[in-house]
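Trainee: The following block contains the structure, expressed as structure tokens.
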Amino acid sequence: MKLLQLFERTDFTLVKGNPDIDISALVYDSRKAGPGSLFVCIAGAVSDGHNYIPDVIKKGVSAILVQDDRLEHGLTADEEGEEALEVPEETVIVSVPDTRRALAFLSAAWFGYPAEKLPVIGITGTKGKTTTTYMVKSVLDAAGIPTGLIGTIEVITGKQVIKAKNTTPESYLVQEYLREMLDNGMKACVMEVSSQALKLDRTAGILFETGVFTNLSEDHIGPNEHTDFDDYKHAKSLLFKSSRHSIINLDDAYAGEMIAASEGPVTTYGIDSEEADIRALDIRPFREAGRLGVSFEVAGALHFPVKLYLPGHFSVYNALSAIAICRHFKVGDDVVMRALPEAKVKGRVELVHVSDEFTLMIDYAHNAMALRSLLESLRVYRPHRLIALFGCGGNRDRNRRFDMGEASGKLADFTIITSDNPRFEEPLAIMEDIRTGISKTDGQYIMIPDRKEAIRWAIRNGEPGDIIILAGKGHEDYQEIKGVKYPMDERVLIKEILEEENAVR
């Protein structure tokens, strides 16, 4: 592809060289740079791509894209800028105001603007993104609209499933995945769009067919994330400035601001807001042989019953947003009714059947807000006992441990404190911090450092009517200790425990 073709939708300044050259690779990782490639210098939180310009020049790259405010630094051989680099005469240097944003547009051009041929559904919010994406995929697939997925757990392109590293990947990967989906016959894509992705322009250049807002609460505020809640909220609102159609949870306190940010028509959903376009009425929790669920009636613009094998009001909200999306794609009510109950999400209120007498589930709740919401939603099922098993990640904010301990002490009948990802901290020290939080309450607890043995204790001591939550790990299949990730999938642990217990009997 010609260099000028890549920049057809991006303003640039030619620093040196002839831009009418062929480019065989678009790269932003210096290790992948080589002859024929355009190297994009990204100024990241951890490293600055401009520091690698001497390396990529030695590798013979054809062109380098630099950021205007880093131009002088990038083209000098040392930090003092005393010695200018010897840039080969044939090497093209181009500058732009923001290389990260430019990478998104260049990537779209490189892969032939796949989002213009594939309707993309973007879902943002503090909670509910992951579950909603799988609900949407389940229904659209059932309606004969094969749908790709990009999210926290995995990327599904139609022919391969790729384990995810970020909720929303770097812009180059987003465009590569969309291209692959298109080539594999997908007719739509549903993706989680994180606030960081919006802030860092990973989805820049994509005009979403539908932008969806689930909810907003304080999260992701701190170093290398968002400076404050206003910054976080503003980042979320950016999705609706680049969406043809917006779907907004009208019950959320920040719905009005998201509606105001929307450029296209808006559809609203909710439970409490009577003016919402799509509502849930007559919400009823139910229990069946070790399983939990909720049923409700869809009202407003649509009318039909829904039965979910997922608990809680938050599942109703997720389902309503999925229903609103599928309505936009003109999916029949009968398909929605049939496909929604089939939606399964690894590690999100994932029910694992171990007994008809009590219920056991795995959930990713790894902070106090998520754990509190989960426990409160399960209280409506009037369990004999509500039991929470969890630990906390090491090398993270200590306050999270105190807060999770206090939340569980107040809302669970019994807490099993165990290990999560201790990283470079001592597991027992983390567990003691959790106990400190529980000690502010009257909650009962036990401490079992080995997570497998903690789960074994929970299963052995489960009583009729109990609801047991294994919280914090969710879809993760490893435990990180001293910089090493060891295989540990709670589903595998449960299977091993049941086999071991049966063998003893």
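The values are calculated or read from the model by the stated rules, or taken from the named source; none is laboratory data. Given the structure is predicted, the values throughout are model-derived calculations rather than measurements. Note: ideal-geometry Cβ built from the backbone for every residue, glycine included; neighbour counts use all protein chains shown. Note: areas computed on protein heavy atoms with side chains; ligands, DNA, RNA excluded. Shrake-Rupley method; radii C 1.70, N 1.55, O 1.52, S 1.80 Å.
Trainee: May I ask you to list the residues in the stretch 45-64 that are in contact with a Ser or Thr (Cβ under 6 Å, 6 or more places away or on another chain) and open to solvent by less than 60 Å² (accessible area, probe 1.4 Å)?
Mentor: Across the stretch 45-64, the qualifying residues are Val56, Val61.
Trainee: Same structure again: Mind listing just one residue for me: the one in the stretch 95-151 that is touching a Cys at 6+ places or on another chain (Cβ under 6 Å) and under 27 Å from Gln5 (Cα atoms) and, of those, surrounded by the most Cβ atoms within 10 Å (Cβ to Cβ)?
Mentor: Of everything passing the filter in the stretch 95-151, Val120 is surrounded by the most Cβ atoms within 10 Å (Cβ to Cβ).
Trainee: Let me ask another. Right, Leu173: crowded, with 20+ Cβ neighbours inside 10 Å and under 24 Å from Phe111 (Cα atoms) or not?
Mentor: no
Trainee: Next up: Here's a check for you: in the stretch 224-253, which residue that is open to solvent by 60 Å² or more (accessible area, probe 1.4 Å) and not basic (Lys, Arg) is nearest to Leu281 (Cα to Cα)?
Mentor: The residue in question is Ala253.
Trainee: Same structure, new question: If Phe296 passes every condition in (1) open to solvent by 10 Å² or more (accessible area, probe 1.4 Å); (2) hydrophobic (A, V, I, L, M, F, W, C); (3) modelled with pLDDT of 95 or more but one, which one does it miss?
Mentor: Evaluating Phe296 over (1) open to solvent by 10 Å² or more (accessible area, probe 1.4 Å); (2) hydrophobic (A, V, I, L, M, F, W, C); (3) modelled with pLDDT of 95 or more leaves (1) as the failure.
Trainee: Here's something else I'd like to know. If we scan the stretch 51-64, do we find a residue that is under 14 Å from Arg100 (Cβ atoms) and under 31 Å from the mean Cα position of the chain (by Cα)?
Mentor: no
Trainee: May I pose another question? Just to verify a result, which residue in the stretch 254-268, among those that are open to solvent by 20 Å² or more (accessible area, probe 1.4 Å) and assigned to a helix (DSSP H, G or I), is farthest from Thr203 (Cα to Cα)?
Mentor: So the residue we want is Gly256.
Trainee: Let me ask something else. Which members of the stretch 381-435 meet the condition of being among the hydroxyl-bearing types (Ser, Thr, Tyr) and either within 24 Å of the chain's Cα centre (by Cα) or surrounded by 21 or more Cβ atoms within 10 Å (Cβ to Cβ) (or both)?
Mentor: Selection gives Ser408, Thr415, Thr418, Ser419.
Trainee: Which of (1) open to solvent by 30 Å² or more (accessible area, probe 1.4 Å); (2) part of a loop (DSSP other than H, G, I, E, B); (3) touching a helix residue (DSSP H, G or I) at 6+ places or on another chain (Cβ under 9 Å) is the odd one out, the single condition Lys307 does not satisfy?
Mentor: Result: Lys307 passes all but (2).
Trainee: Mind counting the residues in the stretch 390-435 that are in contact with a helix residue (DSSP H, G or I) (Cβ under 8 Å, 6 or more places away or on another chain), part of a loop (DSSP other than H, G, I, E, B) and of a type in the set (A, V, I, L, M, F, W, C)?
Mentor: 2
Trainee: Could you give me the residue pairs with C-beta distances under 7 Å whose first residue belongs to the stretch 3-15 and is closer than 18 Å to Ser37 by Cα and in contact (Cβ under 8 Å) with a residue 12 or more places away in the chain, whose second residue is open to solvent by less than 80 Å² (accessible area, probe 1.4 Å) and assigned to a loop (DSSP other than H, G, I, E, B) wherever it lies, and which are 6+ apart or on separate chains?
Mentor: The qualifying pairs are Leu3/Pro19; Leu3/Ile21; Leu3/Ile23; Leu4/Pro19; Leu6/Ile23.
Trainee: Can I ask one more? Quick one: Asp477 ticks every box in (1) more than 25 Å from Val345 (Cβ to Cβ); (2) open to solvent by 50 Å² or more (accessible area, probe 1.4 Å); (3) of a type in the set (Asp, Glu) except a single one, so which number is it?
Mentor: For Asp477, the exception is condition (1).
Trainee: What number goes with the only condition from (1) in contact with a strand residue (DSSP E or B) (Cβ under 8 Å, 6 or more places away or on another chain); (2) modelled with pLDDT under 95; (3) over 19 Å from Ser377 (Cα atoms) that His328 does not pass?
Mentor: Only one criterion in (1) in contact with a strand residue (DSSP E or B) (Cβ under 8 Å, 6 or more places away or on another chain); (2) modelled with pLDDT under 95; (3) over 19 Å from Ser377 (Cα atoms) is unmet by His328, namely (2).
Trainee: Could you tell me whether the stretch 176-186 includes any residue that is more than 24 Å from Thr267 (Cα to Cα), surrounded by fewer than 24 Cβ atoms within 10 Å (Cβ to Cβ) and of a type in the set (Lys, Arg)?
Mentor: Scanning the stretch 176-186, I find at least one residue that is more than 24 Å from Thr267 (Cα to Cα), surrounded by fewer than 24 Cβ atoms within 10 Å (Cβ to Cβ) and of a type in the set (Lys, Arg), so the answer is yes.
Trainee: Quick one: Val161 ticks every box in (1) over 24 Å from Phe240 (Cα atoms); (2) touching a residue at least 24 places away in the same chain (Cβ under 8 Å) except a single one, so which number is it?
Mentor: (2)
Trainee: Can you work out which of the residues in the stretch 156-169 that are modelled with pLDDT under 95 and within 21 Å of Ala104 (Cβ to Cβ) is surrounded by the fewest Cβ atoms within 10 Å (Cβ to Cβ)?
Mentor: Lys165
Trainee: I've got another one for you. Within the stretch 377-389, is there a residue that is in contact with a strand residue (DSSP E or B) (Cβ under 8 Å, 6 or more places away or on another chain) and in a helix (DSSP H, G or I)?
Mentor: Yes, the stretch 377-389 contains a residue that is in contact with a strand residue (DSSP E or B) (Cβ under 8 Å, 6 or more places away or on another chain) and in a helix (DSSP H, G or I).
Trainee: Another one. Identify the residue in the stretch 269-292 that is free of Cβ contacts under 8 Å to residues at least 40 places away in the same chain and not charged (D, E, K, R) and, among all such residues, is most open to solvent (accessible area, probe 1.4 Å).
Mentor: In this case the residue turns out to be Leu281.
Trainee: Is it fair to say Ala235 is within 16 Å of Gln196 (Cα to Cα) and either at pLDDT 95 or above or assigned to a helix (DSSP H, G or I) (or both)?
Mentor: So Ala235 fits the description; yes.
Residues are listed down the side, and each one gets a yes or a no for (1) of a type in the set (Ser, Thr, Tyr); (2) part of a loop (DSSP other than H, G, I, E, B); (3) surrounded by 14 or more Cβ atoms within 10 Å (Cβ to Cβ):
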| residue | (1), (2), (3) |
| --- | --- |
| Gly437 | no, no, yes |
| Thr441 | yes, yes, yes |
| Pro449 | no, yes, yes |
| Ala454 | no, no, yes |
| Ile459 | no, no, yes |
| Gly462 | no, yes, yes |
| Gly465 | no, yes, yes |
| Ile468 | no, no, yes |
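Trainee: Just checking, does the stretch 313-321 include any residue being surrounded by fewer than 17 Cβ atoms within 10 Å (Cβ to Cβ) and over 22 Å from Glu154 (Cα atoms)?
Mentor: No.
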